[in-house]
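Notes follow the structure.
The values are calculated or read from the model by the stated rules, or taken from the named source; none is laboratory data. All values derive from a computational prediction rather than experimental measurement. A quick note on method: Cβ atoms are made from the backbone with ideal geometry, for glycine too, and the neighbour counts reach across all protein chains shown. We work out accessible area using only protein heavy atoms, side chains counted, and drop any ligands, DNA or RNA first. Shrake-Rupley method; radii C 1.70, N 1.55, O 1.52, S 1.80 Å.
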Amino acid sequence: MTPPEQAQPTRLCSLPWESFTVRLVDGLACSPCRHFPPVWDAQDLDAVDAGLREVRHALLHAKLPPPCQSCPEMPLGTPEALQAMLAQKHLVEGNQQTTAIRAAVSSKKPLPPPELMYRVIHSRNGYDFVGSGVVNLAEILPHLLPHLPAGSPRLLDFGCGCGRFARLLLENPLFGDYTGCDIDAEAINWCREFLPRGRFQTILPDAPLSMRDGSFTAVIGYSVMTHLTRDFQDFWLAELHRVTAQGAILALTIHGETAAKKNGLEARLAGEGIIDDIVDDTLQGIAPAGYYRATFQNPAHVKRVWGKRFDVLEHIDGAMMGYQDLVILRRR
C-alpha cells in the first residue's frame with residue numbers, strides 16, 4: 001500500500017500581504033522582502049502588485065521561491081497554518097502597502113510645488129513624493145510604536161519639510177497631537193495653508209526651539225542628522241532631549257555603514273567614526289553657507305555620543321530603502 005503523500009511545507013510569512021521592500025539600486029526598485037533581489041521598478045505599482053500576488057500564491061500553495069526556501073527568519077508550516085495566521089491578522093488578498101500608496105496618490109490633497117518636493121526627496125514627481133512617504137513611514141512606525149509610552153503620543157516631526165509625512169500622519173487618529181518644524185520657511189508656510197490640522201513652526205538652524213521642556217513623547221527625524229556636522233548634531237540632540245519627556249521615543253535616521261559603502265567611504269568611516277566635512281548644497285539659500293552637509297557615522301559613534309543622553313534601543317542598518325539607517329532612542 002502506498003503511503004499518503006505528505007503535504008509540502010510553506011513559510012509562515014505574512015509580509016507579501018503587509019509590505020514590500022524598496023531599495024536604491026540605480027533608481028528605486030522593489031522586492032517582496034530584503035531576502036529577494038530588487039526586481040520591480042518602484043514607479044510601476046502594477047508590476048509590484050502583480051509580483052507580490054505571485055509570491056502570495058506561491059506561499060499559499062507551498063511552491064516556495066528560492067529566497068523563501070532558505071529564509072532564516074520565518075518558520076515552516078502548513079498552508080492551513082498560514083491561512084489561519086492571515087485570518088488572525090485580518091489580512092486579505094492584496095498588499096496593505098500598495099493599497100496605501102494608491103489611496104495616498106489618489107487623494108485630493110494638494111501637492112507642494114515641485115521645488116519644495118525636490119528639497120525633500122530630490123524628485124519633483126508627486127508619485128515619488130507621496131509614495132516614498134508611505135514607504136518610509138512603513139519602515140519607521142513598526143519600530144517606533146512598540147516602544148512608545150502609554151497614551152496618545154505627542155509627536156514632533158523634526159525636519160518635516162513640506163509635509164511628506166504630515167499629510168499621512170494627520171489622517172491617523174493616533175497622531176492627533178502633531179507638530180512639525182523645519183528651517184525651510186517656505187515649506188512651513190505651505191504646510192500651514194494646506195495641512196491645517198497640524199501645528200507647524202519655522203525654526204532657526206542654530207537657535208533653540210520655542211517649544212517648552214518635556215512637550216513631546218515621540219519624535220520622528222527623517223534625514224536631518226544625515227545633514228548636520230557633529231557639533232550641530234550635539235546641539236540638536238540636546239534640544240530634542242530638552243523638549244521631550246522622560247521615556248519619550250525618538251526615531252532618527254543617519255547615513256551609516258551601508259550608505260558609506262555606496263559612496264566609497266567605507267574605509268574612511270571605519271577609521272574616523274563620523275564624516276561631516278562634505279558640503280551638500282541642496283538647501284543653498286535656505287540654510288547658511290556650509291551648514292548643510294552629507295554626514296556619515298557608524299553605530300559605535302552613535303552609541304558613544306548619542307548614548308550620553310538617550311538609550312539606543314535599536315539600530316537597523318540600511319532600514320530606509322536600503323540606504324539610511326534607522327536609530328530608535330529612548331530619552332533618559
Tell me, rounded to the nearest percent, the portion of alpha carbon pairs in the range 188-256 spaced more than 16 Å apart. 56 percent
Can you run phi through the Karplus equation (6.51, -1.76, 1.60; θ = phi - 60°) for the range 123-138 and list ³J(HN,Hα) in whole Hz, with x for Gly and Pro? 8, 9, 9, x, 4, 4, 5, 6, x, 5, x, 4, 5, 5, 5, 5
Using a 1.4 Å probe on the protein chains only, how many percent of the accessible area of the range 224-293 belongs to carbon and sulfur? 48 percent
What three numbers, in Å, describe the spread of the alpha carbons of the range 207-332 along their principal axes, ordered from the longest? 40, 35, 25
Asp277-Ala62 pseudo-label distance in nm [points 7 Å out on the Cα-to-Cβ vector]: 6.1 nm
Debye intensity ratio in log₁₀ form over the Cα atoms of the range 147-199, taken at each q of 0.31 Å⁻¹: -1.28
Can you list residues from other chains, or at least 5 along the same chain, whose modelled amide H is less than 5 Å from the amide H of Phe200? Gly180
Ordered by residue, what ³J(HN,Hα) values in Hz, to whole numbers, does the range 251-261 give under the Karplus form 6.51 cos²θ - 1.76 cosθ + 1.60, where θ = phi - 60° and Gly and Pro are x? 10, 10, 10, 9, 7, x, 5, 4, 5, 4, 4
More than 21 Å apart - percent of Cα-Cα pairs taken over the range 1-127: 49 percent
The range 100-173: Kirkwood hydrodynamic radius (Cα pairs, Å) comes out at 13.2 Å
Bins of 10 Å, starting at 0 and running to the largest distance - Cα pair percent for the chain: 5, 24, 32, 24, 10, 3, 1, 0, 0
Report the local net charge at Ile203: Lys and Arg +1, Asp and Glu -1, summed over other residues whose C-beta lies under 11 Å from its C-beta. -4
Could you rank the peptides 316-323, 177-184 by their average count of other C-beta atoms within 10 Å per residue, with the highest value first? 177-184, 316-323
For the range 317-330, what does the Karplus curve 6.51 cos²θ - 1.76 cosθ + 1.60, with θ = phi - 60°, yield as ³J(HN,Hα) per residue in whole Hz, taken in order and with x for Gly and Pro? 5, x, 5, 9, 6, x, 10, 7, 7, 10, 10, 9, 10, 10
Distance in nm between Glu186 and Lys262 label points, each 7 Å along Cα→Cβ, equals 2.7 nm
When the helices in the chain are scored as -39500 (n - 2.57) per DSSP H run of 4 or longer and the sum is shared across all residues, what 222 nm value do you end up with, to the nearest 500 deg cm²/dmol? -10500 deg cm²/dmol
Rg/Rg_globular for the range 274-332, with Rg_globular taken as 2.2 N^0.38 Å and Rg from C-alpha atoms: 1.32
Does the range 66-142 classify as rounded, prolate or oblate by the C-alpha gyration tensor (a ≥ b ≥ c root eigenvalues; a/c under 1.5 gives rounded; else a/b over b/c gives prolate, otherwise oblate)? prolate
Report Rg(Cα)/(2.2 N^0.38 Å) for the range 77-227, keeping two decimals. 1.17
For the chain, the per residue accessible area (1.4 Å probe, Å²) is 47 Å²
Under 5 Å from the placed amide H of Thr244, counting only residues 5+ away or on other chains, we find Gly214, Ser215, Phe216
State whether the range 170-215 is rounded, prolate or oblate according to the following rule on the C-alpha gyration tensor (a ≥ b ≥ c being the square roots of its eigenvalues): a/c under 1.5 gives rounded; otherwise a/b larger than b/c gives prolate, and the remaining case gives oblate. oblate
Ile278 long-range amide H proximity, modeled H, under 5 Å: Ala294
For the range 231-288, what does the convex hull of the Cα positions come to per residue, in cubic angstrom? 132 Å³
